[in-house]
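Colleague: Sharing a structure here in structure tokens format.
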Protein chains: 4
Amino acid sequence: MNITPYTRHAYYYETDKMGIVHHSNYVRILEEARVDLMAKAGLPFTEVEKAGLMIPVLSVSLDYKFPLRFDDEFEVRCRVTDFNGCKFSLKYEVWNLTTDKLTVSATTSHCFTDDKLMPVRLKKKFPEIYEIFSQFADDGKEDEK
Amino acid sequence: MNITPYTRHAYYYETDKMGIVHHSNYVRILEEARVDLMAKAGLPFTEVEKAGLMIPVLSVSLDYKFPLRFDDEFEVRCRVTDFNGCKFSLKYEVWNLTTDKLTVSATTSHCFTDDKLMPVRLKKKFPEIYEIFSQFADDGKEDEK
Amino acid sequence: MNITPYTRHAYYYETDKMGIVHHSNYVRILEEARVDLMAKAGLPFTEVEKAGLMIPVLSVSLDYKFPLRFDDEFEVRCRVTDFNGCKFSLKYEVWNLTTDKLTVSATTSHCFTDDKLMPVRLKKKFPEIYEIFSQFADDGKEDEK
Amino acid sequence: MNITPYTRHAYYYETDKMGIVHHSNYVRILEEARVDLMAKAGLPFTEVEKAGLMIPVLSVSLDYKFPLRFDDEFEVRCRVTDFNGCKFSLKYEVWNLTTDKLTVSATTSHCFTDDKLMPVRLKKKFPEIYEIFSQFADDGKEDEK
């Protein structure tokens, strides 16, 4: 799958008194990129949730390099890693397109559950979604080469 | 009912690049004060929702006077107005206790619905809650004198 | 000026436990639309602030009609009203393009100040910006007919 | 130093459509706890910034255990680790006092800079602040035993 990165401009309300985008907002930006990635892969998150599959966040880690400022355009490059049918991770890079600098590198990890938040074996219950994640994971390995 | 105002300090992440609390945050602060008011009146919002009563927001209006800055302590004074059994309004004043200036004056209006968001006649369905709102409204009238 | 409306999808993190976009987020959405409007009119907000002109918010009022839900696409139509060289207002309609319903109608009012937040007469200090706002205001009157 | 943990209730607007506090808000809660810790240690953040010392965030990592829901009371226990005069880390545990479960464990790392964001040697430039952080770090070691 060849998926274009998620991109937008930084909002005024995302800045703080240091004049830069507040560090908490990147967790939200990662979520925006994740939702965008899934939609572009034919897995709109609204459909996934309607089918009864939840994908909660287990962990987030972020390294802050250079800031975004108001109205800076940025792009989020992300790829699936470590998919095993029960869990997976995503690696992200947020690039400031206005300054051409790496802003944040980050990882999130997730599991698959039903709507009662009980673990689900993806391959058995949601084979089509399993296929898409398998392909994501292959693409991720390809990128690492 | 003699209810003490809601109070806290402004958070760092609530500021924007102008160095003041971003104007959108006051809508959230009003909600905090509303929840606090109801808890102090013996009507914790969690209980109200559990009983199947929803209180959606119909409108919000805010006038910005003087800003809050990071760590400024503020107090929200609020009172119920215009309660008629179906709808009510709240009037708020956010006071900056660090500078002793009025920061924001605001109004919100609300209705009562069931959990399908269909209108509810409070007096019939939730007589105890009706009583508390009646007393709120009387207190509000008293304050206006 | 013929300016295309601002549009995006509702983010997951903008929803609340009622399953709808939390009412506070519309104040942020109005700001996004305002910044977008000015950029499209040749007045990028970053340039305006660099030139030493601040445009603080004096008041906001919102009427909530029908909610936005996660991933709903919306469009914000806005126009300048009541421009007098010192102050102006904006009227907004947020339309849910997924359900084709009016979500929120709103007004914000603003003044012009220097970077010390002292009032500024736009015509004298920033004649080019004055011209653009005059044209905005004319467009607004046209729309009202 | 014996410092009481930071505590408050979860706000309504912090919840998302899953009915739990959105995972991005914990980054903000950690900041609240950090600011509170410093104030209680006699180092109010406003004073620190006025003195020209900035303490930017280098990294954040969070592990999500059990959720907070609306109005749940929580407590944040945090302690300084790895202070070396240039950098330090903080370890946090967010405990849900309503359910008595660990909600989030987290780490943030920080450096010291001047207001141009250039690195600062704390011991030389801000000896009093150096002393307080040294004591923090000793307390942290004590806790680990």
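Colleague: If one takes the longest principal axis of the Cα atoms in chain A, at what angle in degrees, from 0 to 90 and to the nearest 10, does the Cα axis of helix A:127-144 lie?
Modeller: In chain A, helix A:127-144 runs at an angle near 50 degrees to the longest axis.
Colleague: Please rank A:THR15, A:THR81, fewest neighbouring Cβ atoms within 10 Å first, as an exposure proxy.
Modeller: Final ranking by Cβ density, sparse to dense: A:THR81, A:THR15.
Colleague: Rounded if a/c is under 1.5, else prolate if a/b is larger than b/c, else oblate: which is the range B:1-59, with a ≥ b ≥ c the root eigenvalues of its Cα gyration tensor?
Modeller: Since a/c reaches 1.5 and a/b is larger than b/c, the shape of the range B:1-59 is classed as prolate.
Colleague: I've got another one for you. What 222 nm value per residue comes from the helices of chain B, counting each DSSP H run with n ≥ 4 as -39,500 (n - 2.57) and dividing by all residues, nearest 500 deg cm²/dmol?
Modeller: Taken over chain B, the calculation gives -9000 deg cm²/dmol.
Colleague: Provide the three semi-axes, in whole Å and in decreasing order, of the ellipsoid equivalent to the range B:6-144 as defined by the square roots of 5 times the Cα gyration tensor eigenvalues.
Modeller: Semi-axes (√(5λ), whole Å): 30, 15, 13.
Colleague: With chain C rotated onto chain A, spot the residue of C whose Cβ lies nearest the axis and note the distance in whole Å.
Modeller: C:ARG8, 4
Colleague: Related question: Structure shown: which of A:LYS87/D:LYS87; C:LYS116/D:LYS116; B:LYS116/C:LYS65; A:LYS17/D:LYS17; A:LYS17/D:LYS101 lie over 26 Å apart, alpha-carbon to alpha-carbon?
Modeller: Check vs 26 Å cut-off fails for A:LYS87/D:LYS87; A:LYS17/D:LYS17; A:LYS17/D:LYS101.
Colleague: Related question: For the residue pair C:PHE66 and C:ASP100, what label-to-label distance in nm results when each label sits 7 Å from Cα along the Cα-to-beta-carbon direction?
Modeller: About 0.9 nm, to one decimal.
Colleague: Say a label goes 7 Å from Cα toward Cβ at C:ASP139 in every copy; what distances in nm does this one have to the rest, shortest first?
Modeller: 3.8, 4.8, 5.6
Colleague: Where the centre of each part is set by its Cα atoms, how far does the range C:50-114 sit from the range D:86-110, in angstrom?
Modeller: 39 Å
Colleague: Assume the label is 7 Å from Cα along Cα to beta carbon: what separations in nm does A:GLY52 have to the matching positions in the other copies?
Modeller: 2.6, 6.5, 6.6
Colleague: Which ordering of C:LEU58, B:LEU43, B:LEU37 is given by a fewest-first count of other beta-carbon atoms within 10 Å?
Modeller: Sorted ascending by nearby Cβ count, the order is C:LEU58, B:LEU43, B:LEU37.
Colleague: One-quarter of the Cα convex hull surface for the protein assembly as shown, in nm²?
Modeller: With every direction weighted equally, the projected area is 29.4 nm².
Colleague: Give me the aspartates and glutamates in straight-line cross-link reach of B:LYS125: C-alpha distance below 16 Å, same-chain residues under 8 apart excluded.
Modeller: B:LYS125 reaches B:GLU47, B:GLU49, B:ASP114, B:ASP115.
Colleague: Hey, another quick one. Would you mind listing the distances between the B:LYS124 label point and the same position in each other copy? Use 7 Å along Cα-to-C-beta, nm, one decimal, shortest first.
Modeller: 5.0, 6.4, 7.9
Colleague: Compute, for the range A:6-144, the length of the dipole vector about the Cα centre, with Cβ point charges of +1 (Lys, Arg) and -1 (Asp, Glu) only. Units Debye, rounded to 20.
Modeller: 460 debye
Colleague: Then there's this: I want to check the label-to-label distance for C:CYS86 and B:ILE3. Put each point 7 Å from Cα in the C-beta direction and report it in nm to one decimal.
Modeller: Going from the C:CYS86 label point to the B:ILE3 one covers 3.8 nm.
Colleague: Relative to the longest principal axis of the C-alpha atoms of chain B, give the angle of the C-alpha long axis of helix B:25-40, reported between 0 and 90° and rounded to the nearest 10°.
Modeller: Long axis of B:25-40 versus the principal axis of chain B: about 50 degrees.
Colleague: Which whole-Hz ³J(HN,Hα) couplings does the range B:90-103 yield from phi under the Karplus relation 6.51 cos²θ - 1.76 cosθ + 1.60, θ = phi - 60°, glycine and proline marked x?
Modeller: Per-residue couplings from phi come out as 10, 10, 10, 10, 9, 9, 7, 6, 6, 10, 6, 10, 6, 8 Hz.
Colleague: Sequence-distant or interchain residues sharing an amide H contact under 5 Å with D:THR81, placed H: which?
Modeller: Excluding prolines and chain starts, which carry no amide H, the hits are D:SER89, D:LEU90, D:LYS91.
Read-outs throughout are calculated quantities, based only on the coordinates presented, and are distinct from any laboratory measurement. Keep in mind the model is a prediction, meaning the values are calculated, not measured. For neighbour counting, all protein chains shown are included, and Cβ atoms are generated from backbone atoms with ideal geometry for every residue, glycine included.
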